[in-house]
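Below is one structure, written out as structure tokens; the observations come after it.
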Amino acid sequence: MTSQRKVIITCAVTGAIHTPSMSSHLPITPQQIADEAVAAAEAGAAILHLHARDPATGRPDQTPQAFARFLPQIHRRTDAVINLTTGGSPYMLASERVQPAAIFKPEVASLNMGSMNLGLYPMLARFKTFVHDWEHGHLEATRDLVFKNTFADIEMILSTCSESGTRFEFECYDTAHLYNLAHFVDRGLVKAPFFIQTVFGLLGGIGAHGDDVAHMRRTADRLFGSDYQWSVLGAGKAQMRVAAMSAAMGGHVRVGLEDSLWAGPGRLARSNAQQVEMARGIIENLGLTVASPAEARELLALKGRASVAI
């Protein structure tokens, strides 16, 4: 693992955490999401992690119809691996969140590996004015919100998506989530290689200190040995620092406006592609090479774009 020379960049294009009033660069409409995804791929992202939004309000929308408005265009315009969220929004049931992946059968789907407190309300200290009525409540309600991902939820998503050969971006927000994944490995419900996305810096999950990053890596090494590919995302200001740590430690990186709106202290990122270019600079300055979509497919043992239903 530590000698890995091809680094996969995943770009999470819009997500469900940030709200439209926080940045005019956050893609909201289907065309914006498609254009941002394609530009990110052209900048070097091998995998595109995709959410959908209501084009009028920017509110997260997990209906298959919302994804159908941009997926065919992305699939036609780029060879990048399409990764559909099953995380959706923490306000949604798992049965809602799995529907786009169940219908479109992507090469990859994300899968949150445990329930957790997910505190977004501290952003209210930085963002005071909102265009849409739902935005303030979306953040405030997370003071008393559990993002539900029970063992039953996880097993349902695993069984639903595995039937079509979809593999998973296992999103692990704390060490317990790595042990949850090991539980499903022991039961034979998932097969190597595992694509493990360790998440740092969200309130309710593990922090973004270097010791936290190293601890998650050590734990994954102990549980999964050489059977996994390790990637990281750092939330907010931790994005590029954590990405640099992962690349230097033999891992992969995830960037994008879902995870951070910033390109530096006090500077909003102009686009997802800008963050991909920044990550690419870190990787190449370390003497490493950015993986192409074909190389990502080989590393992750994906079924290939011809087998999706987009």
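The values are calculated or read from the model by the stated rules, or taken from the named source; none is laboratory data. The structure presented is a predicted model; accordingly, all values stated were derived computationally and were not measured. Don't worry about glycine lacking a Cβ; one is built from the backbone with ideal geometry, like all the others, and counts go over all protein chains shown.
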If the requirement is being of a type in the set (A, V, I, L, M, F, W, C), in contact with a helix residue (DSSP H, G or I) (Cβ under 8 Å, 6 or more places away or on another chain) and within 21 Å of residue 27 (Cα to Cα), which of these qualifies: 240, 249, 216? 240
Step by step: first the residues of segment 264-274, then only those that are buried (at least 18 other Cβ atoms within 10 Å of the Cβ) and in contact with a Ser or Thr (Cβ under 9 Å, 6 or more places away or on another chain), then the one that is farthest from residue 47 (Cα to Cα). Which residue is that? 269
Can you list residue pairs whose Cβ atoms sit under 8 Å apart, with the first residue in segment 286-304 being surrounded by 18 or more Cβ atoms within 10 Å (Cβ to Cβ) and the second being modelled with pLDDT of 95 or more and part of a helix (DSSP H, G or I)? Count only pairs 6 or more apart in sequence or on different chains. 290/280; 290/283; 290/284; 291/299; 293/41; 302/296
The one condition residue 155 fails out of (1) surrounded by 12 or more Cβ atoms within 10 Å (Cβ to Cβ); (2) modelled with pLDDT under 95 is (2)
